[in-house]
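Let me begin by presenting the structure, written as structure tokens, before commenting on it.
The values are calculated or read from the model by the stated rules, or taken from the named source; none is laboratory data. In this text, all values refer to a predicted model and were calculated from it rather than measured experimentally. Positions of Cβ are backbone-derived with ideal geometry, glycine not excepted, and every protein chain shown enters the neighbour counts. To get the accessible areas, we keep the full protein, side chains included, count just its heavy atoms, and leave off ligands, DNA and RNA. Shrake-Rupley method; radii C 1.70, N 1.55, O 1.52, S 1.80 Å.
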Amino acid sequence: MKTVEEHLELPRAIQMSGHNFIMAIVLTSRTLSSEGRRLLRHSGLTEVQFNVLMLLKYQFKKGATQVELSKRILVNRANVTGLVDRLERDGLVERVRQKNDRRANTVSITGKGLKKLAAAEPGYFDGIRKVAQSISEPQRQETIEVLLSVCELIEKERNTAVSGGAASDKKGRT
């Protein structure tokens, strides 16, 4: 198996194991994203469009607000507006104003969106199966736990920094 340095064609070894670990995660993310684009190329969908349609089909069957979508597709709200605009323009989703909040829209997948997604899913899921089958179930579960623990540690550090910064700010003003 190649090292991170070999994958990135680095002239020297990464000295800090923690940095090597993070670089491996980033490299894997980049590789998976590239493969996702390749698997979806024939469908005419981008990864993020595919993810929105997947969310609307499988998670939010009655529709979701753009804020709900933005929390789950890892882009900011401004990007979601443009994304939903393009999906709506292409007839893949529809937006309906919420009766109780005129500022919010419920986004739902259309029949055309379901057909487009159905055409994309087999190739995408086949690609996932090919990658996943080479790794045992216990290894997949362990990897999930490790990756989620990284996310939780970073979130905890971020929250500590934010609350710590706010506390020192208040002290400085009194």
### the chain, accessible area per residue, ligands and nucleic acids excluded (1.4 Å, Å²)
73 Å²
### Query
In whole percent, what relative contact order does segment 35-135 give with Cα contacts below 8 Å and a gap of six or more residues?
30 percent
### Query
Average projected area of the Cα convex hull of the chain, in nm²?
15.5 nm²
### Message
Pick from LYS156, LYS62, LYS112 the residue whose mean-square fluctuation is largest in a GNM of the chain, springs joining Cα atoms under 10 Å.
### Response
LYS156
### Task
Determine how large the accessible area of PHE125 is when every protein chain is in place; take a 1.4 Å probe and give Å² rounded to the nearest 10.
70 Å²
### Query
At a 1.4 Å probe radius, carbon and sulfur cover how many percent of the accessible area of the chain?
55 percent
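Could you rank ILE109, ILE144 by how accessible they are, 1.4 Å probe, largest area first? Please report the intermediate quantities before stating the final value.
Numbers: ILE109 35, ILE144 80 Å².
So the residues, ranked largest to smallest area, are ILE144, ILE109.
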#### Entry: Stokes-Einstein translational diffusion, segment 1-49 - Kirkwood Rh over all Cα pairs, 0.890 mPa s, 25 °C, in µm²/s
199 µm²/s
### Query
How big is the gap, in Å, between the Cα center of segment 84-102 and the Cα center of segment 21-76?
19 Å
### Query
Any idea of ASP85's accessible area? Nearest 10 Å², probe 1.4 Å.
70 Å²
### Task
Rank ALA161, ALA24, ALA13 by mean-square fluctuation in a GNM of the chain with C-alpha springs under 10 angstrom and give only the top-ranked residue.
ALA161
### Query
Over all distinct alpha-carbon pairs, what is the Kirkwood Rh of segment 41-128 in angstrom?
13.1 Å
### Query
Which Cα, out of SER33, MET23, VAL93, lies furthest along the positive dipole direction of the chain (beta carbon charges, K/R +1, D/E -1)?
VAL93
### Message
Taking every alpha carbon pair in segment 68-116, what does the distance histogram look like in 5 angstrom bins from 0, in percent?
### Response
5, 20, 25, 28, 17, 4, 0
### Query
Got a sec to turn the phi values of segment 18-24 into Karplus ³J(HN,Hα) couplings, 6.51 cos²θ - 1.76 cosθ + 1.60 with θ = phi - 60°, whole Hz, x for Gly and Pro?
x, 5, 4, 4, 5, 4, 5
